[in-house]
Amino acid sequence: MGSVTRRPPLITVAIACVLNILGDLLLVGGFGMGAAGAAVATVFAQAVSVAISYLMIRRRPLPFAFGASFIRPRWRDIGMTLRLGVPIALQDLLVNISFLAILAIVNSLGLSESAGVGVAEKVCGFIMLLPSAYMQAMAAFVSQNIGAGKPERARRALLCGVLTSFSAGVVMFYLTFFHGDLLAGIFSKDAPIVALAHEYLKAYAIDCLLTAFLFCFIGYFNGLGKTTFVMLQGIIGGIGVRLPLSFLFSRITPVSLFHIGMATPASTVLQIVLCGVYFTIVLAAERKAVGRGEYSLSEG
């Protein structure tokens, strides 16, 4: 059953990625269709992936029962999904708005600065894939163990996640801080733009170390179902710290993209502190629950 549930998603996603890349090369590079070609390639790749998924499902039985009778609204489950999902969605929305506002601040500095940060953000998008993957994996693992009544195992996963993610973060810090110009050079050949992008990336390099803690904490709390706290700490960090600091640093002369970029690790530090405090609160609540006999902190 394990291979039935794990391999098809991997295969279909891999096929979609390959088709998307080939489609971009053909339509954008070959036919010069620009953004429209990229969109067509993406839609085509996803459509093929869906078709292959459907054929795989038809060829082998599902590892669970499913039929027309299952397709009906279950209001209790819908309500729980909204209760857990809306705070996460709202946090993502507001945090992205804060980053858009920072881009607007940088755009006001000049065309070169705007282009430099634009290139740096492309590199950052790649860098943040790793801590984001840890966050998603942590949420799934923690929720499964909490559901099984093994909170101690979930906490050990948090520790292991932080340690391994931090190890990878050290590597990303080194590459980004000392060789950010090489990474930025992948997206631009303009030396002044690459230099500005590297300056901005040096601040993000510090965040590579910090997100090892923050993203694992966020995944842990999401797995616990504490999504309201996740939303609040994200809003405090993004709207309350990152955005005003970026604006403040943009007004200090001489303007430095490194200083503006430092607003991001500054907000991450505050969010880690908030997560640490909340973690102690959650742990205390768990120990009280053990005292009441609601569940055991042991693996058994």
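The values are calculated or read from the model by the stated rules, or taken from the named source; none is laboratory data. All of these numbers come straight from a predicted model, not from anything done at the bench. Here the Cβ positions follow ideal geometry from the backbone for every residue, glycine too, while neighbour counts run over all protein chains shown.
Per-structure values
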read-out: Breaking point among (1) at pLDDT below 95; (2) more than 30 Å from Phe221 (Cβ to Cβ), for Tyr204; value: (2)
read-out: Residue match in the range 139-146 (condition: within 19 Å of Ile88 (Cβ to Cβ), surrounded by 14 or more Cβ atoms within 10 Å (Cβ to Cβ), in contact (Cβ under 8 Å) with a residue 40 or more places away in the chain and aromatic (Phe, Trp, Tyr)); value: yes
read-out: Helices (runs of 4 or more DSSP H) fully within the range 1-114 counting 1 or more residues that are among the polar types (S, T, N, Q) and over 30 Å from Ile235 (Cα atoms); value: 2-23, 34-59
read-out: Sole residue being assigned to a helix (DSSP H, G or I) and free of Cβ contacts under 8 Å to residues at least 12 places away in the same chain, chosen from Val171, Val123; value: Val171
read-out: So Arg251, is it among the basic types (Lys, Arg), closer than 24 Å to Ala101 by Cα and out of contact with any helix residue (DSSP H, G or I) (no Cβ under 8 Å at 6 or more places or on another chain); value: yes
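Results for (1) within 30 Å of Leu257 (Cβ to Cβ); (2) surrounded by 13 or more Cβ atoms within 10 Å (Cβ to Cβ), shown as yes or no for each residue.
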residue	(1), (2)
Ala16	no, yes
Leu19	no, yes
Leu26	no, yes
Gly29	no, no
Pro63	no, no
Ile88	no, yes
Phe99	yes, yes
